[in-house]
Amino acid sequence: MSDNAFDVAVIGTGLSGSLLAIQLLRQLPAGCSVALVGKAGETGAGLAYGTRDRVHLLNVRAARMSLDPDDEGDFVAWLAARHPELEAAAGMKETYAPRAIYGDYVRERLAGAMREAGGRIHTSLFTSEVMGMERDGEEYVLELATGDAIRARHVGLCLGNPPGRLPLPGDSVDAAARPRIVDDPWHDRRMAQIAPEARILFVGTGLTMVDQVMSRRIAGRRGAMIAISRHGLLPATHGEVSSPPAAWQPPANNGRLGVLFHAVVAAARAAEKAGGDWRSVIDALRPLTQRLWQRLTPASRRRFLRHGEAWWSVHRHRMAPAIGARIAAFRADRELEVLAGRIIRIEGLGRGLAVVIRRRGCPEAETVHVDWVVNCTGPGRLSRSGSALVADLVAGGLARGDSLGLGLDVSRDGELVGRGRRVTPNAYAIGAAGRARFLEITAAREIRGQAAALARRIAAARRAELFPRGSARRAVAEWQDHAG
Ligand SMILES: Cc1cc2nc3c(=O)[nH]c(=O)nc-3n(C[C@H](O)[C@H](O)[C@H](O)COP(=O)(O)OP(=O)(O)OC[C@H]3O[C@@H](n4cnc5c(N)ncnc54)[C@H](O)[C@@H]3O)c2cc1C
């Protein structure tokens with residue numbers, strides 16, 4: 001193979017790309033090569049773990065954040081060794097660590113996997129955006145923004161969460177208002193420059209809003225904050241100490257959204273009545289979610305996204321107890337007001353903004369005066385992200401958008417589905433791109449499972465390619481060599 005030809009190319013080096021690389025380094029046959037292509041400074045971090053703000057905590061306790069499916073205690077042990085000061089009263093397993101520290105853990109584990117694979121697997125890191133990808137015989141050619149091209153037989157697209165955009169039609173935002181609207185609080189440097197006393201309207205009441213509120217308050221910024229979303233639902237808070245998932249099974253007739261929804265609510269109420277915790281019912285659903293989602297009819301899936309997702313999301317993606325307590329205190333002190341309603345128009349007023357809103361259930365509109373509007377509706381959708389790579393894949397027929405407009409169409413195994421519903425062989429998407437097929441595929445735990453399964457598949461395919469029929473014995477010997 002030439003210098004720029006690899007067995008596998010991994011595009012994107014956030015959590016998904018790092019996890020896929022770790023698994024490939026463990027599972028590929030000796031002599032294979034892996035190219036990791038990611039943007040500068042994003043290795044192991046991506047949107048979630050790239051924050052340097054220590055007040056942005058994981059929303060999952062440490063016991064459930066191991067990167068290694070074969071060692072559930074890995075993150076807890078790493079945390080105990082590196083940051084013993086973070087241990088919660090109930091023990092390190094119950095700690096909600098800063099996300100920045102989790103990013104350090106991911107990077108350390110990736111570096112360790114590269115070291116261990118050392119002479120066996122060759123790894124190259126490319127710091128660049130991939131702008132395009134096309135097929136050339138049995139290989140894919142990736143075009144990098146640096147002008148280089150690399151070739152690979154197998155490709156894992158780990159493109160993750162694109163930045164969000166304010167979900168308002170362009171004509172409802174006055175041009176004079178634009179300079180005071182932040183579409184993407186994670187990357188927009190103006191966030192740090194907003195005056196301490198500025199009044200802010202956050203659009204969205206989920207975990208992104210919670211992060212932004214915490215950052216401002218911890219930095220001593222005292223301006224009033226309002227948060228608005230269609231339902232005005234805040235994420236629920238984890239219990240102080242986790243309880244195990246309930247022994248709950250969905251009803252047999254679970255292809256209908258209404259049946260499923262009522263069964264979950266009834267089970268949660270019953271758990272509370274019996275002195276238990278509704279969270280244990282939601283947690284019991286977690287391993288079943290993908291299967292249940294796939295059983296829903298297309299119409300039910302659309303209905304869920306329109307009416308059920310906000311409700312599901314606040315119960316499923318919960319705040320760490322310490323964060324939940326702070327947010328409750330801000331609300332009690334009227335430092336943070338949470339509204340249910342929608343924005344009708346944003347007008348610029350020279351030094352501020354007039355935002356016309358309609359509260360849920362109110363016929364009349366009202367005007368709220370603020371200094372800034374900050375979009376906190378969470379990560380955007382890959383299909384609307386303006387990614388040059390995605391546009392190129394779609395134009396070349398190697399990929400297409402999914403029917404729900406969430407990301408890309410992928411097969412059950414994560415292979416891209418392109419023009420004419422044809423599967424694009426050996427090109428896979430993991431993580432958020434496959435939301436329409438899997439729904440729950442963005443948390444570390446789900447990505448971990450997907451990355452391990454994909455690496456297994458690629459390693460098996462690569463073994464079959466390298467040791468075709470007749471050389472099976474060699475393949476087994478090779479495999480045993482690595483497994484040992
Ligand atoms: C704010 C936040 C908090 C979260 N907290 C938790 C939590 O506590 N626990 C949990 O389990 N899960 C959490 N999650 C969910 C989950 O862990 C993340 O969504 C996960 O990090 C996704 O990783 P990813 O690699 O798929 O995507 P990303 O982190 O978005 O990374 C994708 C990477 O690909 C790069 N990329 C995209 N296109 C290209 C291209 N063409 N060329 C090269 N590179 C490209 C991007 O620049 C980026 O670096 C959180 C998510 C968010 C957004």
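The values are calculated or read from the model by the stated rules, or taken from the named source; none is laboratory data. What you are looking at is a predicted structure, and each value in this text was computed from that prediction instead of being measured. No Cβ is skipped: glycine too gets one built from the backbone with ideal geometry, and neighbour counts run over all protein chains shown.
Key figures
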| quantity | calculated |
| --- | --- |
| Residue within segment 372-395 that is within 13 Å of the ligand (Cβ to nearest atom), touching an Asp or Glu at 6+ places or on another chain (Cβ under 8 Å) and aliphatic (A, V, I, L, M) present | yes |
| Near pairs, Cβ below 7 angstrom, 6+ apart or cross-chain, from segment 116-141 (more than 22 Å from Gly44 (Cα to Cα) and away from the ligand (no atom under 16 Å from the Cβ)) to any residue that is in a strand (DSSP E or B) and of a type outside the set (Asp, Glu) | Glu138/Arg153; Glu139/Arg151; Glu139/Ala152; Glu139/Arg153 |
| Residues being buried (at least 18 other Cβ atoms within 10 Å of the Cβ) and farther than 27 Å from Arg331 by Cα - total across segment 226-249 | 2 |
| Test: Arg61 is in contact (Cβ under 8 Å) with a residue 12 or more places away in the chain, of a type outside the set (S, T, N, Q) and buried (at least 22 other Cβ atoms within 10 Å of the Cβ) | yes |
| Residues that are in a helix (DSSP H, G or I), under 21 Å from Pro196 (Cβ atoms), touching a residue at least 12 places away in the same chain (Cβ under 8 Å) and of a type outside the set (A, V, I, L, M), drawn from segment 311-335 | Arg326, Phe330 |
| Top-ranked residue of segment 62-104 - restricted to ones that are more than 20 Å from Ser18 (Cα to Cα) and of a type in the set (D, E, K, R), ranked as farthest from the ligand (Cβ to nearest atom) | Glu85 |
| Qualifying residue in segment 442-460 (condition: more than 16 Å from the ligand (Cβ to nearest atom), buried (at least 18 other Cβ atoms within 10 Å of the Cβ) and under 26 Å from Asp71 (Cβ atoms)) | yes |
| Residue match in segment 27-39 (condition: surrounded by fewer than 20 Cβ atoms within 10 Å (Cβ to Cβ), within 12 Å of the ligand (Cβ to nearest atom) and not polar (S, T, N, Q)) | yes |
| Some residue of segment 192-200 being of a type outside the set (A, V, I, L, M), touching a helix residue (DSSP H, G or I) at 6+ places or on another chain (Cβ under 9 Å) and either surrounded by fewer than 21 Cβ atoms within 10 Å (Cβ to Cβ) or modelled with pLDDT under 90 (or both) | yes |
| Residues that are more than 9 Å from the ligand (Cβ to nearest atom) and either more than 18 Å from Arg216 (Cα to Cα) or among the hydrophobic types (A, V, I, L, M, F, W, C) (or both), drawn from segment 45-61 | Val55, Arg61 |
| Scope segment 369-403; condition surrounded by fewer than 19 Cβ atoms within 10 Å (Cβ to Cβ), closer than 30 Å to Glu335 by Cα and at pLDDT 95 or above; matching residues | His369, Asp371 |
| Top-ranked residue in segment 396-409 [being assigned to a loop (DSSP other than H, G, I, E, B) and of a type in the set (Gly, Ala, Ser); ranked as farthest from the ligand (Cβ to nearest atom)] | Ser403 |
